[in-house]
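Working notes for the structure below.
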Amino acid sequence: MPAMKNPSVQPADMSREPNPSVTWFADLIPELDARAEGYRTSLEGVDDQILDLFGEQLRLAARALSAAVAAGSFTAIREQAHSLTGMGGAVGVPEISVVGDELSRQAKQGNLARCGELADRLSGWLVSWTAGRTALAAAPVAVGAGLNGHILIVDDERPNRVFLRKLLTANGARVVEAANGAEALEQAGREPPDLALVDVNMPGISGYEVCQSLTRGAATAATAVIMVTARSTVEDVERAFSLGAFDYIRKPFHTRELLARVRHALQIKQQNDALRQWQARLAREMELAGALQRKLLSTRPFFQPSFEVRSAYQSSQSVGGDVFETIALPDGRVCIYVGDVSGHGVGPALISTLLKALVNEVARELFARGPAVMCTEIQRRFHHYVTNPEIYATLFIALLDPAARSCVAYNCGHPMPLVYDSSGNRQAPFPDRGGLPIGLLADRIQDRYRAADEITAVLPPGGSLFILTDGLLEARRTDSAAICAEADLSAVLAEAARDPDIIDPADYTRARLEARGYALREDDCTLVVVRCLDRASQRLERAIGLNLEAVDALALDVEQCLLQAGWPEEAAGAARLLAMEHGVNVVEHAHAPPDSRLELALRLTARHAWLIFQDAGPEWDYQERLEYSERQPLDSSRGRGLRMIQAIAVHIDMVRAGHKNVFQFVINRDFSAGQPAHRSGERANE
């Protein structure tokens, strides 16, 4: 190790230099003056207290540097060099920043002798500078537009923290300090700041680690981070930004530059906060709109003695562009339609709501004239409201005769429905004819929906009609992005068609496609399933007066019917109990007209009993009453019937249709009181 020079011995050429700082180091550092200009800053905001603190920090750094040279530790030398680089310009002696930079260079080159010389000169200069320093009146703090924000200062050197706190507080900011990374993260965890000024070089948790924790933490991700350091290599800057830093400023910094960067960061943060609040409000409004739309597009089932209709719907966003409905018509037929408005988002969702209203209105007014006339009128009314030629909707609409299982339909550019028989065999496709989508080329084509292009068909006994939107046909696999294979879709539809014990074939199809790896949220997906019921499965039909004796007799009939069909006594008894409890609820709580009737239809499949009740009472909220009953003590008689029904049925539907409450309860043949019912899903008051 080289011999240490006497700090009191000044360089020989000191008397010839007007700047004492230059005279101490000019012979050891080439181009000292020119390099010092790069570190020169204003002294705005620096008062005597701050200068004293920096002076004490310089003395600590000088002693630590001498110890590092004595120990031959280049790592420790570079640590102190970094501190000097950041401090020199801050106290009006940018030459000391150059000394720090030169020390770092020499340490990287392994030149311990030159590091020792620079350490000796620094100690001598510090004695001279301290003795010659006079009191400093604080220069005016650069005040611009107020800093409206909560700022966290993270620096292990107290002079830097005090200077920044005074400067930022004077400009209107609310400031808290942290002397190390751990303290900073604790402070931010208690109250996330708008902005953090983070020193890079700190013992323990580094500034880079603090930056990463803040920008990636759930509570602090919105905090803007400005890295403050004497390091200025491209790699340092790149690393800071890769970890989420908003900005990067080098020590020593100009006061006005720092304030400008802080002000800019706070403004951007506030703009981002406002944007997030707007997005959150928009998301809430979209979710509210989506909830309302889902009410309008209810997937509630539709029941007829000879068929039932089930629907599954899933929008790609909060709101969607698909429409569907099943409408009972005055002549006993049923109108079923599925439509798909082009595009995604709020616009198509509003258009779909309009389209639904138009189709429902036209269906009730013009059903007797057939689907071609209906589509013509839908097109006319749609074009009255929507004149943008880029907005259109595909539509498939059918008039179904339940008794004959026949339908007459019209296809307006929609995917053609698929038909399967009761064995799961795909039937011949519907004739490929129809018209253009609703709204497309509205002014250019006359006589676009002709009666000659109507489709007539008869559904097979026990068969199923699947009407779907292209979201299902174009769903992609999550592992390969491959579009839904026709074989996969056909296999799932065949499963749903051949098993009458699948309670909801529409929802079953959706779930099975997702299980096969298809992403169904990239587009709106709708599936409507018309399932023809086997008349032989209808085992019991009754209509009784609203009195308890009639209910008791009805419940006994249910039990006897199931026993005659070979059902286990426990399951048949459970079905009797369910029928009794529901009948009592209707008689005592439904407020139905006294002269009205409680109707029951009992259907049997291999594994299930399907009990459909209808009453003429006012509409009531089944789910709300069930939740009320579940809040009652177990020994309370209030709500006991609903709790029993809930324990017995594996599936419950409650819908309002034709001014009647319609309940369907599904019971497992292998019901056991010791095992809770495995619920396949419930719908109530959708």
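Relative to one another, the C-alpha centroids of segment 211-275 and segment 353-389 are positioned 58 Å apart. Of the solvent-accessible surface of the chain, computed with a 1.4 Å probe over protein heavy atoms with every protein chain present, carbon and sulfur atoms account for 51 percent.
Set the Förster distance to 22 Å, then compute FRET efficiency between Ala543 and Asn425 from the Cβ-Cβ distance, nearest 0.05. According to the calculation, E is roughly 0.05. On the basis of the beta-carbon distance and an R0 of 35 Å, Asp33 and Ala71 show a calculated FRET efficiency of 0.60.
Placing +1 on the Cβ of every Lys and Arg and -1 on the Cβ of every Asp and Glu, with nothing else charged, gives the chain a dipole about its Cα centre of roughly 560 debye. In this simple spin-label approximation, Arg369 and Asp48 carry label points 7 Å from Cα along the Cα→Cβ vector, and these lie 9.9 nm apart. Full extension of the chain segment joining Ala274 with Glu390 gains 38.4 nm, where the gain is 0.36 nm per residue of separation less the Cα-Cα distance. Let's test the formula: R0 of 45 Å, r as the Cβ-Cβ distance of Ser480 and Ser206. What FRET efficiency results, to the nearest 0.05? Efficiency computed from Cβ-Cβ geometry: 0.60. Fully extending the segment from Leu329 to Arg433, taken as 0.36 nm per residue of separation minus the present Cα-Cα distance, adds 34.9 nm. If you model segment 419-564 as an ellipsoid using its alpha carbon gyration tensor, with each semi-axis the square root of five times an eigenvalue, the axes come out at 38, 24, 16 Å, biggest first. Of the trypsin sites (Lys or Arg not before Pro) found in segment 404-463, the ones in coil according to DSSP and having at most 10 other Cβ atoms within 10 Å of their Cβ are Arg444. Taking a point 7 Å from the Cα of Thr130 along the Cα-to-Cβ direction, the residues of segment 33-65 with backbone N closer than 20 Å to it are 47-65.
Computed extension gain for Asp470 through Val458, at 0.36 nm per residue and net of the alpha carbon distance, reaches 1.9 nm.
Solvent exposure of the chain, expressed per residue, is 44 Å² of accessible area, with all protein chains present and a 1.4 angstrom probe.
Close Lys pairs in the chain (alpha-carbon distance under 30 Å; sequence gap of 8 or more, or different chains): 9. Translational diffusion of segment 214-290 was estimated from the Stokes-Einstein equation, with Rh taken as the Kirkwood radius over Cα pairs; at 10 °C and 1.306 mPa s the coefficient is 110 µm²/s. Here the chain carries DSSP beta bridges of which approximately 75% are antiparallel, counting only pairs with both residues inside.
For the chain, what does the helix formula give at 222 nm: sum of -39500 (n - 2.57) over DSSP H segments with n ≥ 4, over the residue count, nearest 500 deg cm²/dmol? Roughly -14000 deg cm²/dmol at 222 nm, from the helical runs in the chain. On the principal axes of its alpha carbon atoms, the chain extends 119, 71, 43 Å, with the longest extent given first. If contacts are Cα pairs under 8 angstrom and at least 6 residues apart, what is the relative contact order of the chain in percent? It comes to 8 percent, rounded to a whole number.
With the convex hull of its Cα atoms as the shape, segment 270-394 has an orientation-averaged projected area of 9.2 nm².
Computed from Cα atoms, the angle from the helix 569-589 axis to the main principal axis of the chain rounds to 90 degrees.
Considering only C-alpha atoms, what is the centroid distance from segment 563-586 to segment 93-109, in Å? Cα centroid of segment 563-586 versus Cα centroid of segment 93-109: 92 Å apart.
Here segment 154-283 has an Rg and Dmax of 14.3, 46 Å, counting Cα atoms alone. Kirkwood hydrodynamic radius of segment 90-242, from the reciprocal of the average inverse Cα-Cα distance over all distinct pairs: 17.6 Å.
The values are calculated or read from the model by the stated rules, or taken from the named source; none is laboratory data. Quick caveat, the model's predicted, so the values are computed rather than measured. Cβ sites come from the backbone with ideal geometry, for glycine too, and all protein chains shown count toward neighbours. To get the accessible areas, we keep the full protein, side chains included, count just its heavy atoms, and leave off ligands, DNA and RNA. Shrake-Rupley method; radii C 1.70, N 1.55, O 1.52, S 1.80 Å.
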